[in-house]
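Okay, so here's the structure we're looking at.
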Amino acid sequence: MSTVASAVERDRLRIAIQKSGRLSEPARALLASAGLSWQESRDRLFCFGVSLPVDLLLVRDDDIPGLIADGVCDLGIVGRNVLLEQAGERAERGQPAVFRELRALGFGGCRLSIAVPDGWDWQGPAQLAGKRIATTYPNQLRAWLRVQQVEADIVVLNGSVEIAPRLGQADAICDLVSSGATLAANQLKPVLDIVRSEAVLAGPVQPFGDARAELVDLMLRRMDGVLRIRDSKLLLFQASRAAVESVMRLLPDAEPPTMCAVDGGETLALQALCHGAMTWQRLEDLKRAGARGLMVLPVEQMLA
Ligand code: PRT
Ligand code: ZN
């Protein structure tokens, strides 16, 4: 049933993002940095793209893979955990893959982890054999257990997985963890990460055959530009020819610098795009290695 809507030609692109939740603000900020602006509908479910023919649909994150599968939306920003879970569910039912991850977006990071009661002396996955594991992610858990060749009972819950062991519903859990505070508050400890997740841009497996194909390429190019310069700074400084090598050794996260000779050739002026954090400590180290007149500039936009 998935191909009917996507077969309809459209000249506007529709991106689904979470209406409210952990991913909604960073997703909007990323799209705005890629040059999108919108007019929001009164019911706050639809945003009409003003600067580009790219509209937003504001939905629950769990609905995003299905909206792409049904061709209602063309792209979506969703946690990898949700995308993999629904891909696994389709595969279990023998349905073909219709959506896939196009880009990792660097926010919404978390892990899908196995956690056991604090008192357990964790020896390894074999210890889960015959145990009940509560989760809202049965497909990823099942796939992992299969690889581990461990047979356990999966108890599927819709929420509050972390209290299942205390309620006697399960022996262990498999849930999302970021700081670990929720587990600790429930006398559980994470012992294994089975999936590393973050927000991703999801899209259909089949490329579009209409104007949307170009819009997708445009969005990907702009997002790549935004992601590439996130945390990046342009570093300007001067150094004697003799000192350049030791200064650059302190900048392993820099692109090859642009250099030009000043002062008759003994001094070089350099500019380098650095991808890591530029702390005062780093600047002081660079100065000790021979860099002079250090200047750190923010990078607004970049087009490779
Ligand atoms: O209403 P809607 O269905 O859209 O939202 P939702 O409540 O399902 O999703 P939301 O906003 O909670 O999460 C959206 C996405 O954020 C998830 O699918 C993940 O990809 C990502 N994400 C990142 C997280 C977390 N970190 C996270 N910590 N999602 C959930 N949690 C929960 C986790 O389930 C556990 O209950 O936070 C708790 C653990 O947090 P810590 O910091 O105590 O370890
Ligand atoms: Zn959800």
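The values are calculated or read from the model by the stated rules, or taken from the named source; none is laboratory data. Since the structure is predicted, the reported quantities are computational estimates derived from the model, not experimental observations. With ideal geometry, Cβ positions are generated from the backbone for all residues, glycine too; neighbour counts draw on all protein chains shown. Note: areas computed on protein heavy atoms with side chains; ligands, DNA, RNA excluded. Shrake-Rupley method; radii C 1.70, N 1.55, O 1.52, S 1.80 Å.
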### Message
Here is a list: VAL205, VAL161, VAL191. Which entry is buried (at least 21 other Cβ atoms within 10 Å of the Cβ) and not polar (S, T, N, Q)?
### Response
VAL161
### Task
Sort out which residues of the stretch 133-154 are crowded, with 19+ Cβ neighbours inside 10 Å and under 22 Å from GLN187 (Cβ atoms), and write them in order of number.
ILE133, ALA134, THR135, THR136, TYR137, LEU141, ALA152
### Query
Do any strands (runs of 3 or more DSSP E) lying entirely in the stretch 205-304 carry at least 3 residues that are over 30 Å from GLY66 (Cβ atoms), touching a residue at least 12 places away in the same chain (Cβ under 8 Å) and among the aromatic types (Phe, Trp, Tyr), and which ones are they?
none
### Message
Give me the residue from the stretch 107-132 that is surrounded by fewer than 19 Cβ atoms within 10 Å (Cβ to Cβ) and in contact with a helix residue (DSSP H, G or I) (Cβ under 6 Å, 6 or more places away or on another chain) and, out of that set, nearest to VAL147 (Cα to Cα).
### Response
PRO125
### Task
Please specify each residue of the stretch 52-78 satisfying the condition of being open to solvent by less than 10 Å² (accessible area, probe 1.4 Å) and within 11 Å of ligand 1 (Cβ to nearest atom).
LEU58, ILE64, ILE77, VAL78
